[in-house]
Amino acid sequence: MNTRSFPHRHLLGIQGLTAPDILSLLDLADGYVEQNRSVDKRKNLLRGRTVINLFFENSTRTRTSFELAGKRLGADVINMQASASSVQKGETLIDTAMTLNAMHLDVLTVRHPDSGAVKLLSEKVNCAVINAGDGAHEHPTQALLDALTIRRRKGRLSGLCVAICGDVLHSRVARSNIHLLNTLGAHVRLVGPRTLLPSKIAALGVEVFHDMRAGLKDVDVVMMLRIQNERMRGNFIPSVREYFHFFGLDAEKLALAKPDAVIMHPGPMNRGVEIDSDVADDVERSLIREQVEMGVAVRMACLDQLTCGLPETAGGV
Ligand code: CP
């Protein structure tokens with residue numbers, strides 16, 4: 001029997017969550033890290049529950065880790081790629097959701113290219129809904145796994161200075177991280193060219209830098225973002241070569257951060273565009289592989305907590 005400490009029906013974003021909401025998920029996820037490192041990775045907490053992962057966009061990390069998370073908790077897990085579903089025959093998002101809802105599922109995990117699509121869908125179904133990334137809006141489980149990764153390495157989040165660098169404009173990861181880090185008392189800097197930083201972003205309580213060397217000075221964490229070509233309409237950078245020169249993370253720019261600063265990236269990485277292989281693969285300072293590991297544990301914690309609030313009989317039509 002799991003104990004409920006996360007008082008929300010869905011996980012649609014970090015915005016609106018309190019520090020205790022976030023910390024309860026991180027504390028629970030810490031326990032799941034240990035479970036995942038043991039030989040016996042399975043628990044029967046979600047036995048009888050059904051989880052569907054509905055992805056309208058490509059994914060390696062998020063989809064696989066939600067599948068592993070559900071299976072390690074004993075749930076029945078179905079993966080649906082929209083490109084191989086009746087969406088291709090013209091079925092709408094809502095009709096797709098209502099169809100799945102009629103099958104008495106317990107948790108629906110959704111990734112969609114449009115901001116707000118996952119919230120809309122959550123209003124139409126009886127099950128718990130988790131946002132696995134909606135457009136440039138939010139990617140809450142990514143921010144949670146990033147926070148867990150930082151906390152395990154640094155021992156805290158409060159008081160740390162975190163530089164989020166690159167294509168913030170199109171990044172749901174940046175938005176979720178800004179909300180989470182602000183809520184937990186970290187100081188957030190955004191670093192990037194004017195074309196890739198939203199004009200009013202400072203209103204979110206962050207410091208903005210257009211010079212990467214200044215932005216990285218004395219930071220504790222450097223979080224790099226991919227250029228998200230799939231969400232771009234038009235040209236935002238003069239050339240990849242020039243972008244890497246000014247905003248790519250390499251050893252020389254990293255030297256401006258604190259000597260024990262760590263390197264993070266949500267993935268997928270574009271080596272030689274936003275990050276140099278030497279720093280991405282630095283075994284002492286790069287936490288990129290740990291982020292992937294934490295992703296499974298965080299998603300187990302989310303499934304654990306969201307199923308706590310469900311009735312014993314699953315919802316449906
Ligand atoms: N970080 C992240 O969301 O990766 P995927 O697109 O591979 O899921």
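The values are calculated or read from the model by the stated rules, or taken from the named source; none is laboratory data. Please read these numbers as outputs of a predicted model, since none were measured by experiment. Positions of Cβ are backbone-derived with ideal geometry, glycine not excepted, and every protein chain shown enters the neighbour counts. Keep in mind that these areas ignore ligands, DNA and RNA; they rest on the heavy atoms of the full protein, side chains included. Shrake-Rupley method; radii C 1.70, N 1.55, O 1.52, S 1.80 Å.
Using a 1.4 Å probe on the protein heavy atoms, what percent of the accessible area of the chain belongs to carbon and sulfur?
Working: 7020 of 13480 Å².
Percent of accessible area from carbon and sulfur atoms in the chain: 52.
Excluding ligands and nucleic acids, what accessible area in Å² is computed for Asp167 using a 1.4 Å probe, to the nearest 10?
Using a 1.4 Å probe on the heavy atoms, I get roughly 0 Å².
Could you report the accessible area of Glu252 in Å², rounded to 10, computed with a 1.4 Å probe on the protein chains as they sit in the structure?
My reading of the accessible area for Glu252 is about 100 Å².
Need one number: % antiparallel among DSSP beta bridges in the chain, to the nearest 5. Working shown, then result.
Details: 1 of 36 bridges.
Within the chain, antiparallel bridges account for around 5 percent of the total.
Once you have all Cα-Cα distances for the chain, histogram them in 10 Å bins from zero and send the whole-percent values.
Result returned by the calculation: 6, 28, 34, 22, 9, 1.
Specify the angular offset, from 0 to 90 degrees and rounded to the nearest 10, of the alpha carbon long axis of helix 288-308 from the longest principal axis of the alpha carbons in the chain.
Roughly 30 degrees, rounded to the nearest 10.
In Å², what does the accessible area per residue of segment 94-228 work out to with a 1.4 Å probe? Display every interim value, and only then the final one.
Details: 4220 Å² over 135 residues.
Per residue, segment 94-228 has 31 Å² of solvent-accessible surface.
Angle, helix 172-183 long axis vs. longest principal axis of the chain, Cα atoms, 0 to 90°, nearest 10?
It is inclined by approximately 90 degrees.
Heavy-atom accessible area per residue, segment 1-93, 1.4 Å probe: how many Å²? Mind showing how you got there, number by number?
On the way: 4930 Å² over 93 residues.
Accessible area per residue: 53 Å².
Determine the relative contact order of the chain: mean sequence separation of Cα pairs under 8 Å and six or more apart, normalised by residue count, in whole percent.
Working: 636 pairs, mean separation 74.7, N = 317.
Reported as a whole number, the value is 24 percent.
Dipole of the chain (Lys/Arg Cβ +1, Asp/Glu Cβ -1, origin at the Cα centre): which of Ala186, Cys161, Leu254 lies farthest to the positive side?
Of Ala186, Cys161, Leu254, it is Ala186.
Springs between alpha-carbon pairs under 10 angstrom, Gaussian network model over the chain: which of Val118, Val110, Val279 fluctuates most?
Val279
Testing the spin-label approximation: label points 7 Å from Cα along Cα→Cβ at Arg271 and Lys217. State their distance in nm.
Reported label-point gap for Arg271 and Lys217 is 3.3 nm.
Which order do peptides 223-229, 37-43, 177-183 fall in by mean Cβ count within 10 Å, highest first? Walk me through the intermediate numbers first.
Working: 223-229: 21.0, 37-43: 9.7, 177-183: 23.3.
Ranked from most to least packed, the peptides come out as 177-183, 223-229, 37-43.
Compute the angle between helix 61-72 and the longest alpha-carbon principal axis of the chain, please, reported from 0 to 90 degrees and rounded to the nearest 10.
Around 40 degrees separate the two axes.
Count the net charge of all other residues whose Cβ sits under 15 Å from the Cβ of Ala174, scoring Lys and Arg as +1 and Asp and Glu as -1. Provide the component values of the computation, followed by the final result.
On the way: positive: Arg172, Arg175, Arg189, Lys200, Arg226, Arg231; negative: Asp134, Glu138, Asp146, Asp167, Glu207, Glu274.
Local charge sum for Ala174: 0.
Separation between the Asn2 and Ala255 pseudo-spin-labels, each 7 Å from Cα along Cα→Cβ, expressed in nm?
Calculated label separation equals 4.8 nm.
Is there a pair in Lys154/Lys253; Lys154/Lys258; Lys71/Lys154; Lys41/Lys154 whose C-alpha atoms are over 23 Å apart, and which pairs would that be? Don't skip to the end; give the middle numbers.
On the way: Lys154/Lys253 21 Å; Lys154/Lys258 13 Å; Lys71/Lys154 30 Å; Lys41/Lys154 26 Å.
Correct reply: Lys71/Lys154; Lys41/Lys154.
Return the calculated 222 nm mean residue ellipticity for the chain, to the nearest 500 deg cm²/dmol, obtained by summing -39500 (n - 2.57) across DSSP H runs with n ≥ 4 and dividing by the residue count.
Details: 11 runs with 115 residues, N = 317.
Helix-only estimate at 222 nm: -11000 deg cm²/dmol.
Treat every Asp and Glu Cβ in segment 108-167 as -1 and every Lys and Arg Cβ as +1, leave all other atoms uncharged, and give the resulting dipole magnitude about the Cα centre to the nearest 20 debye.
Values: 8 positive and 6 negative charges, 97 e Å.
For segment 108-167, the charge dipole is close to 460 debye.
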